[in-house]
Amino acid sequence: MNVKLDTKEKFHEISLLDGVLTANMTADFAEMLSVVQKQPPFNVVLSLEQVQEVHADMQQALAQAQQAYYELNYSFVICCMQPAVEEAFDKAELLEMMNVTPTLSEAWDIVQMEEIERE
């Protein structure tokens, strides 16, 4: 799994660089998140700008990761989904339960607003 990680003041910005996210990448994704989650800041903005296809198991892994972060009182925002990826999440009935924004700057705004709400 090709990933770019950039740590900001309030969140880790993770960009997934693979065009297709397959089921066999779920373990690598979970491991990467467990490492990121152990070091501040604890919030995550996940960019899917380069991703053109997400297999069903990986869709579930992304949705579960997002829910796990919110249960821990951290933000997890997905941004820059391509139309085909967004449609796949919608068909799987996962899109409505996820925190998704069209742009990276909007994702940053959500993380900052949620930080203020938690304070």
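Readers should treat all values here as calculations from the given coordinates under stated rules, not as data from a laboratory. From a predicted model like this one, the values you see are computed outputs, not experimental measurements. Cβ: placed from backbone, ideal geometry, glycine included. Neighbour counts: every protein chain shown.
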For segment 6-62, which positions are free of Cβ contacts under 8 Å to residues at least 40 places away in the same chain, in contact with a Lys or Arg (Cβ under 7 Å, 6 or more places away or on another chain) and over 17 Å from M81 (Cα atoms)? P41
Can you find even one residue in segment 22-31 that is charged (D, E, K, R) and more than 15 Å from V77 (Cα to Cα)? yes
